[in-house]
Amino acid sequence: MMREHDDGKFMNDARLRRGRRLPLLLVVLLWAAACGGDRTDEQPDPAPTTAVQTTAAQTTAAQTAPADAAVLEVPEGGAIQIGSLQAMTGDIGYLGVPHHRITLLAVEDYGPIMGREVSVAGPVDTLCSTEGGSAAAEVISDSPQVLGWLGTSCSSAASAAAPAVSEGLMVMVSASATAPSLTSDLAGSAGADWSRGFYRTAPNDLFFGQAVAEFVSSRLELDTAAVVHTGDIYSREMVQAFTDHFTELGGAVTASGQVDDDPDVADLLSLLAEGRPQVVFLPYYPPMDDYIVQQIRETAELANAVVVGYGAAVGAEMVLPGTDDFYLVGPVMDHSGNRSEITGRTADEVLAEYRSRYGEEPTSPFWAQAYDAAAMLLQAIESAAEEQGGPLLIDREALRSAMDATDFSGLGGRVVCDDFGDCGVGPVVLLDVSGAPSGSMMDYLVFTYNPSL
């Protein structure tokens, strides 16, 4: 089905079915867990759960904190409890697993808070889906002892889980849920899925979409593009951010297609080909559908189009199928020389500890943001905590105020929060991955976009 878009920004639109997942797709992580080989000193990960596990001390603390308590009391001998909400299984496990591991490292680096150990409940597997986020929301509602949550890995899960965090007077900090609707339009208006208490250390997807638009328009000097999304808020909103900025720069989006689980992409290709775009932007999380890209290259009207994907593995060792004029947009992953003002650890030190403990590199490009998210939460908890002759009292609204006031140098760069929880202001990069490069992806950097809140 085709239709004229109401505001004129899209010439055509179609809701098409997504090609089924095929082997390798566009990005293969050579150091991912499935390909990492034997590990001699790996520390096993805790099994993902659908319910928060508590120790006896944590249970005691929980009994003093009803779900609607504005102040949580941690008794002597009790532990301060935070929780982990991550996509631990499925295609996006490469994000959630390292984020949970990094959280544990950050908690160790930070140490006790006012004499209380910090315990990490979970991980709760949010599956990178709305359904997973809804299930997590039930866990959140049943966990009044938890002050704050690290996660979720994906925007769809965050949109479903964040309301429970808000209602429970808790906080949640994500390292990779980047959809604009979770925070704001960066112009003073709250997003449709914004919830008080949600924060993130990754850049807003508006920056990724804007970076692609700037690159295509100013560097490549191209003025027509087609976009493809999967219907979830992450890809849909990144496509919209690109469209808005591209049209502001004088470009035209000739078609917008949606794909889901149907391997037949003939209608999608026909839609894209009709406008003969110079660029095709398809921001999927890896594994990306190399089948679609292959078909794009075999379609006469699209064979010479520039293809831009989302490099959710920017910085990792990887191999891509050879294709001309192929680029990835993503966050910077080379954080050498950066130091956390909160824990004192450098990015190189954290990476070395991760390798030693788990026998591999972190497979997420947002690993540094995950560390910063945990450090940010722990610092805010300590700022809000008060000793009361034995028990430790932590006012939940004071905790949110401390989160709002966040401003520090982290492993991923400066972390400073705006009024809607956007705290990540690191640069966004475009990489030229034409051909079949291997090695550090930062060797292929061709464009840097520096956003500021």
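The numbers here are math on the coordinates, done by the rules we state, and not lab data. Everything numeric in this text was worked out from a predicted model, so none of it was measured. Cβ atoms come from the backbone with ideal geometry, glycine included; neighbour counts cover every protein chain shown.
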| query | Going by how many other Cβ atoms sit within 10 Å of their own, how do 215, 447, 242 line up, fewest first? | reply | 447, 215, 242
| remark: HN-Hα couplings for region 163-169 via Karplus (6.51, -1.76, 1.60; θ = phi - 60°), in whole Hz with x for Gly/Pro, come out as x, 5, 4, 5, 5, x, 6
| task | Calculate the spin-label point distance for residue 249 paired with residue 353, positioning each point 7 Å from the Cα along the beta-carbon direction, and give it in nanometres. | result | 4.0
| Ordered by packing density, taken as the mean number of other Cβ atoms within 10 Å over each peptide's residues, highest first, how do 388-398, 101-111 rank? | 101-111, 388-398
| task | Would you work out if region 197-277 is rounded, prolate or oblate? Take a ≥ b ≥ c from the square roots of the eigenvalues of the alpha-carbon gyration tensor; rounded if a/c is under 1.5, else prolate when a/b is larger than b/c, oblate otherwise. | result | oblate
| field | Length gained when the stretch residue 304-residue 218 is fully extended (0.36 nm per residue, less Cα-Cα span) | value | 29.1 nm
| field | Order by protection proxy (mean Cβ within 10 Å, highest first), peptides 113-120, 265-272, 276-283 | value | 276-283, 265-272, 113-120
| field | Neighbour-count order for 422, 193, 45, fewest beta carbons within 10 angstrom listed first | value | 45, 193, 422
| said: Once R0 is set to 22 Å, what does the formula 1/(1 + (r/R0)^6) return for the Cβ-Cβ distance between residue 419 and residue 141, expressed as a FRET efficiency to the nearest 0.05? | reply: 0.25
